[in-house]
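Before any comments, here is the structure.
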Amino acid sequence: MRIARPQRPKRKDLSGYAEELLLEMYRRMVLIRRFELRVNELYHEGTMPGTIHLSHGQEATTVGACLALNEEDVITLTHRGHGQALAKGVSAQSIMAELFGKATGCCRGKGGSLHVGDISVGALPAIGIVGASSPIAAGMAFAFQRAGNRRIVLNFFGDGAVNEGDWHEAMNLAALWKLPVVFLCENNFYGVSTHISDVVLNEYLVERAAAYRMEGVTIYGNDPVTVYDTVKEAVGRARCGEGPTMVECLTYRRGGHKRDDTSSYRPEEEADAWFQRDPVTDFREYLLTDKRITPTKLDGLEREVDASVNKAVDFALSSPDPDVATAWKDVYAE
Ligand SMILES: Cc1ncc(C[n+]2csc(CCOP(=O)(O)OP(=O)(O)O)c2C)c(N)n1
Ligand SMILES: [Mg+2]
């Protein structure tokens, strides 16, 4: 097993970024963190049904990537999709209600954790089959290209997807037809308990993009500014008809693969090194290097986020279950 250590790039001067953008980055990252930790509690105390894959630890990647998009652009989500949905602007209330299987959920309680999303804000409900979202993303990008509407698709996938046939077919056609899509790999080094270096010889997964003559880059995924700048550039190229880019973001999940997984398969030295580079606390510290941003502002924002997560839980718990008569509604196209 090859251990990859977190390598944070040199911090940039933040004065060139709008304060509003920086605060929104932080707000969304804190929202994902607090949301996921709350879901974890609710699940383990037995209040929440179903299964869950939590995304805390990967906030900088999802938020940096989604903020580089326009509202009308679309993302595809993975099985680890709560953070991706929140980052694109799906409401915390409707995701929380979905996790409880309530009628007010973003999929009216029929999808649960594995299918969160809301197409009205450009988040296609998640696809739990590893690698299967990439051809769908390429297909949507093909439709956008034909319509000439300058929208783009951002396809989230994990390191586990790069050995799936579907993923390769999508990469090939997207490169060949210069489709307006960004392939965003959340490389957290593990597919369940399998370390990526035990199943792929390449040091960086982005080497796969070169095989399709696609642009590609590997970046540190725990800094939202780095992710934002890189994805923004990729999005710009895609929107101008210059074709797709693969962006590989190196990150780490703080929890297990799912539910009760304690991640005992992760070497302590690897986990410790990544846990010390917490994207949320790191970004808070980074923001405070900018003279426009004060601890008071960030504390206030954190309190607002906490209140919104509490509100989301209350909303979900007090929402009705779906009516049995609607069981087949919205399942097939009419
Ligand atoms: C085609 C397919 N094979 C197996 C599974 C079971 N499965 C669910 S998540 C997962 C691991 C995916 O790893 P990765 O793509 O790296 O995403 P991560 O869980 O690390 O976010 C597997 C094997 C699946 N959902 N789909
Ligand atoms: Mg993974």
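The values are calculated or read from the model by the stated rules, or taken from the named source; none is laboratory data. Being a predicted model, the structure only gives us computed values, none of them experimental. Heads up, the Cβs are rebuilt from the backbone with ideal geometry, glycines too, and the neighbour counts pull from every protein chain shown.
Taking GLY57, is it crowded, with 23+ Cβ neighbours inside 10 Å, closer than 24 Å to PHE315 by Cα, touching a Phe, Trp or Tyr at 6+ places or on another chain (Cβ under 9 Å) and of a type outside the set (D, E, K, R)? First the steps, then the outcome.
Details: crowded, with 23+ Cβ neighbours inside 10 Å: yes; closer than 24 Å to PHE315 by Cα: no; touching a Phe, Trp or Tyr at 6+ places or on another chain (Cβ under 9 Å): yes; of a type outside the set (D, E, K, R): yes.
For GLY57, the condition - crowded, with 23+ Cβ neighbours inside 10 Å, closer than 24 Å to PHE315 by Cα, touching a Phe, Trp or Tyr at 6+ places or on another chain (Cβ under 9 Å) and of a type outside the set (D, E, K, R) - is not met.
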GLU164 fails exactly one of (1) more than 23 Å from VAL63 (Cα to Cα); (2) among the charged types (D, E, K, R); (3) over 20 Å from the mean Cα position of the chain (by Cα), namely (3)
Filtering segment 70-84 for residues that are over 13 Å from the mean Cα position of the chain (by Cα) and either within 19 Å of GLY256 (Cα to Cα) or buried (at least 19 other Cβ atoms within 10 Å of the Cβ) (or both) leaves a count of 1
Which one of the conditions (1) out of contact with any Phe, Trp or Tyr (no Cβ under 8 Å at 6 or more places or on another chain); (2) over 23 Å from GLU203 (Cβ atoms) does PHE283 fail to meet, given that it meets all the rest?
-> (1)
Residue check: is GLY64 in contact (Cβ under 8 Å) with a residue 12 or more places away in the chain and on the phi > 0 side of the Ramachandran plot?
-> no
Cβ-Cβ under 9 Å pairs, at least 6 apart or on other chains, segment 245-260 side of a type in the set (Asp, Glu), far side modelled with pLDDT of 95 or more and part of a loop (DSSP other than H, G, I, E, B) | GLU248/TYR204; GLU248/LEU205; GLU248/VAL206; GLU248/GLY221
Residue within segment 264-287 that is under 28 Å from ARG27 (Cα atoms) and part of a loop (DSSP other than H, G, I, E, B) present | yes
Inter-residue pairs, beta-carbon under 7 Å, first farther than 22 Å from VAL217 by Cβ and in segment 189-204, second more than 10 Å from ligand 1 (Cβ to nearest atom), 6+ apart | SER193/TYR265; HIS195/MET1; ASP198/MET1
Could you pull out the residue among ARG239, ARG292, ARG259 that is over 20 Å from GLU19 (Cβ atoms) and at pLDDT 95 or above?
-> ARG239
Tell me which residues, restricted to segment 186-233, are within 15 Å of ligand 2 (Cβ to nearest atom), of a type in the set (Phe, Trp, Tyr) and part of a loop (DSSP other than H, G, I, E, B).
-> PHE189, TYR204
Does ALA175 fit the bill of being more than 10 Å from ligand 1 (Cβ to nearest atom), under 19 Å from GLY216 (Cα atoms) and touching a Phe, Trp or Tyr at 6+ places or on another chain (Cβ under 7 Å)?
-> yes
Filtering segment 111-121 down to residues that are among the small types (Gly, Ala, Ser) and part of a helix (DSSP H, G or I), which residue is surrounded by the fewest Cβ atoms within 10 Å (Cβ to Cβ)?
-> SER120
When both residues are 6+ apart or on different chains and their Cβ atoms are under 9 Å apart, which pairs have a first residue that lies in segment 41-55 and is over 17 Å from ASP261 (Cβ atoms) and modelled with pLDDT under 95, and a second that is assigned to a loop (DSSP other than H, G, I, E, B) and within 16 Å of ligand 2 (Cβ to nearest atom)?
-> none
Given the conditions (1) among the charged types (D, E, K, R); (2) within 24 Å of GLU24 (Cβ to Cβ); (3) surrounded by fewer than 22 Cβ atoms within 10 Å (Cβ to Cβ), every one holds for GLU186 apart from (3)
Flag if GLU203 is closer than 20 Å to ALA170 by Cα and more than 15 Å from ligand 1 (Cβ to nearest atom) | no
Look through segment 85-138, keep the residues that are of a type in the set (Val, Ile, Thr) and farther than 19 Å from ARG33 by Cα, and return whichever of them is farthest from the chain's Cα centre (by Cα).
-> THR104
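In segment 288-305, what residues are assigned to a helix (DSSP H, G or I) and exposed (fewer than 14 other Cβ atoms within 10 Å of the Cβ)?
Those that are assigned to a helix (DSSP H, G or I) and exposed (fewer than 14 other Cβ atoms within 10 Å of the Cβ): PRO295, THR296, ASP299, GLY300, ARG303, GLU304.
If you scan segment 136-170, which residues turn out to be in a helix (DSSP H, G or I), away from ligand 1 (no atom under 12 Å from the Cβ) and surrounded by 23 or more Cβ atoms within 10 Å (Cβ to Cβ)? Give the steps one after another, and end with the answer.
As a first pass, look at segment 136-170 and keep what is in a helix (DSSP H, G or I): 136-147, 159-163, 165-170.
Imposing the further condition that a residue be away from ligand 1 (no atom under 12 Å from the Cβ) reduces the set to 136-147, 168-170.
Within segment 136-170, ALA137, ALA138, ALA141, ALA170 qualify.
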